[in-house]
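One structure is given below, encoded as structure tokens.
Just so you know, all these numbers are worked out from the coordinates, no wet-lab data involved. Note that the structure is a prediction, hence the values are computed from the model and not measured. Glycine gets a Cβ as well: all are built from the backbone with ideal geometry, and neighbour counts include every protein chain shown.
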Amino acid sequence: MKAHIQRVARCEVRVGGKRISSVGRGLLVLVGVGKSDTREDARFLAKKVVSLRIFEDEEGRMNLPVTAVQGEVMIVSQFTLLADTRRGNRPGFQNAADPDLGETLYEEFCDVVDSLGVPVKTGRFGAFMEVELVNDGPVTILLQS
């Protein structure tokens, strides 16, 4: 399982040109599920995201997790994080989970983040989405279970 985390000032997701969710200060987390991933991977990665100390403290150091700044988390499923580009120029997605497993583990990830006290908003699994964000910093972190 992979997560691409961006610290954001704000973020919104649109489907068909219509806004379906938005957050203010917090995190945008793009989540990619692999076919060998498990519930344990989803739980581990969700806890890691919530615990990441990537917000500035009063001294300007990245030392605070999203919970300490009353931030929100936008979680968007993104199977393209599992792209294999080792051969040729067209990405292969043979390592990505099938949609049933992908959705199950994506929802598990969202549920764990929510259970840790962080307000969660989501994209729409399997939909073509437009994601608009203002990256704060910029701060971008890549995680893998």
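Would you kindly give the portion of the calculated P(r) for the chain that falls above 20 Å, as a percent of all Cα pairs?
Result for the distance tail: 46 percent.
Once the other residues with Cβ under 13 Å from the Cβ of Glu40 are scored (Lys, Arg +1; Asp, Glu -1), what is the net sum?
For residues surrounding Glu40, the net value is +1.
For the stretch 121-138, what does the Karplus curve 6.51 cos²θ - 1.76 cosθ + 1.60, with θ = phi - 60°, yield as ³J(HN,Hα) per residue in whole Hz, taken in order and with x for Gly and Pro?
In residue order, the calculated couplings are 10, 9, x, 10, 4, x, 8, 7, 10, 9, 10, 10, 8, 10, 6, 9, x, x Hz.
Quick one: compute the contact order of the chain, relative version, from alpha carbon pairs under 8 angstrom and 6+ residues apart, as a percent.
Reported as a whole number, the value is 39 percent.
Suppose every K and R has +1 on its Cβ and every D and E has -1 on its Cβ; what is the size of the dipole of the stretch 2-133 about the Cα centre, in Debye to the nearest 20?
The dipole magnitude comes to about 400 debye.
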